[in-house]
Amino acid sequence: MDRVTFSGNLVLVTAIDGKTFHLAEPFVVSWLWPRVIPDPLPAIATYRRLAIPIGFKTDLASIPQIFRSLIPQLGKHMRAAVAHDFIYSGSVRDWTRAEADRLFLDAMVACKVPGWKRWLMYLGVRVGGWIAWRNARKEKPLQVPS
């Protein structure tokens, strides 16, 4: 059983810059979240849901040019990349970076991305993703009601 399911088709429109895409239809991702609670309580799993709206802007996968012969921007990983980009964009605030990256890995399993490729991409976001994560939170500070 896949831990990630997708609802809706991934329909993207290429932006004028040719490097980014916009979501043309709503896209929903559900993830069986392996939330671990400290012992002696058992681990519990709950579903987390992302409703990604029409118009969301993504670059799919921020892969350095040197690695694009191994991992192209377009491929089986696209649905996973859109979900990951949505969380990293700062559009949702109740996810940690580790959760976003784990969803990315689990979603690539659901998308049938080959094991070597998904682990390479997962390691890439774990090693280099902190920069995008930090920058998105600077650009969109959390609004606290007064």
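Here are the numbers for the structure shown:
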read-out	value
Filtered residues of segment 51-64 (kept if in contact (Cβ under 8 Å) with a residue 40 or more places away in the chain, assigned to a loop (DSSP other than H, G, I, E, B) and surrounded by fewer than 17 Cβ atoms within 10 Å (Cβ to Cβ))	ASP59
Exclusive hit being at pLDDT below 85 and either in a loop (DSSP other than H, G, I, E, B) or over 20 Å from LEU23 (Cα atoms) (or both), set LYS112, LYS138, LYS76	LYS138
Matching entry among SER62, SER7, SER69 (being at pLDDT 85 or above and small (Gly, Ala, Ser))	SER7
Long-range neighbours under 9 Å by Cβ, at least six apart or interchain, first residue basic (Lys, Arg) within segment 1-26, second at pLDDT below 90	ARG3/LEU32; ARG3/TRP33; ARG3/PRO34; ARG3/ALA45; LYS19/ASP59; LYS19/GLN73
Residues that are at pLDDT 85 or above and loosely packed, with under 13 Cβ neighbours inside 10 Å, drawn from segment 26-50	ARG49
Residue count, segment 101-130 (criterion: surrounded by 21 or more Cβ atoms within 10 Å (Cβ to Cβ) and in contact with an Asp or Glu (Cβ under 6 Å, 6 or more places away or on another chain))	1
Residue in segment 83-100 that is in contact (Cβ under 8 Å) with a residue 60 or more places away in the chain, surrounded by fewer than 18 Cβ atoms within 10 Å (Cβ to Cβ) and assigned to a helix (DSSP H, G or I) present	yes
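The values are calculated or read from the model by the stated rules, or taken from the named source; none is laboratory data. Fair warning: this is a prediction, and the values are worked out from it, not measured in the lab. With ideal geometry, Cβ positions are generated from the backbone for all residues, glycine too; neighbour counts draw on all protein chains shown.
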